[in-house]
Amino acid sequence: MRRRRSMVSSRTTVAVREWDFILHLQEPLTPEQSDTLDGLDRFNDGRICLIEGPGWAKFTCTFAAGTLTGAIAEALGFFEDFPGVLIRSVELGPRELEENKMATPAVVRALV
């Protein structure tokens, strides 16, 4: 029996890791949007979790990707099937702040 050799070079492999961040919504979800969210399977796999309070809503996110940008882009892609929900900003998690040598949470404006 012949063994197959992998043709992937270890020098070109991108390390995948988990990235933590928060997506802040422009406005709280409406009752209709909450109902829609319940029916969207991609929001029920444990990588993105809704947290709501009086007058605000946000999603805490943990996505595996080669880069923070890739993780955020994947999370934002979830909202393509979620009409009327707008992301106001992206806040980095504590580990990302430390690894990027940032003293305070950076909030990146998102145009979704």
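The values are calculated or read from the model by the stated rules, or taken from the named source; none is laboratory data. From a predicted model like this one, the values you see are computed outputs, not experimental measurements. Cβ atoms come from the backbone with ideal geometry, glycine included; neighbour counts cover every protein chain shown. Heads up: the accessible areas ignore ligands, DNA and RNA and are worked out on the full protein's heavy atoms, side chains in. Shrake-Rupley method; radii C 1.70, N 1.55, O 1.52, S 1.80 Å.
Residue by residue, region 37-50 carries 3J(HN,Hα) couplings of 4, 4, x, 9, 4, 5, 8, 10, 9, x, 8, 9, 9, 7 Hz when phi is fed to the Karplus relation 6.51 cos²θ - 1.76 cosθ + 1.60 (θ = phi - 60°); x denotes Gly or Pro.
Residues whose amide H falls under 5 Å from that of Ser89, counting only those 5 or more places apart or on a different chain, are His24, Ala110, with hydrogens built in the peptide plane. Other residues whose C-beta falls under 15 angstrom from the C-beta of Gly46 contribute a net charge of -3, scoring Lys and Arg +1 and Asp and Glu -1. The portion of the accessible surface of region 40-102 made up by carbon and sulfur, rounded to a whole percent, is 53 (1.4 Å probe; DNA, RNA and ligands excluded). Rounded to the nearest 0.05, the FRET efficiency derived from the C-beta distance between Glu52 and Glu80 at R0 = 22 Å is 0.55.
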